[in-house]
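Notes for the one structure printed next.
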């Protein structure tokens, strides 16, 4: 299977301010061209042997697929979570002009 050129990096953050701070850190390094923030989600999850519940924020980054490890490093070093949810989702297809913009803004050889 051929590796996609671009992907979404899905990150769950503690709150809106943290999501903005992480987005800026990634964008300033040109590791992503765009960050979308969904400010309030309600989460239920297993943690330390019990079901936990609370509100969180989703950060969705659009980036070259091969930049994942660098993005992960930024998130891991700056996230308030002990175990942050950081997942990469491949982009299999997209508007060619948008993908060219994404490449140009991240200095990716498209």
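What the table shows:
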{"read-out": "Subset of the stretch 1-23 [out of contact with any strand residue (DSSP E or B) (no Cβ under 6 Å at 6 or more places or on another chain) and over 16 Å from residue 86 (Cα atoms)]", "value": "1, 2, 3, 5, 17"}
{"read-out": "Residue that is modelled with the highest pLDDT, among those in the stretch 93-108 that are exposed (fewer than 14 other Cβ atoms within 10 Å of the Cβ) and within 21 Å of residue 28 (Cβ to Cβ)", "value": "104"}
{"read-out": "Residues being in contact with a helix residue (DSSP H, G or I) (Cβ under 8 Å, 6 or more places away or on another chain) and under 23 Å from residue 39 (Cβ atoms) - total across the stretch 54-110", "value": "15"}
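The values are calculated or read from the model by the stated rules, or taken from the named source; none is laboratory data. In this text the structure is predicted, and so the values were computed from the model without any measurement. Positions of Cβ are backbone-derived with ideal geometry, glycine not excepted, and every protein chain shown enters the neighbour counts.
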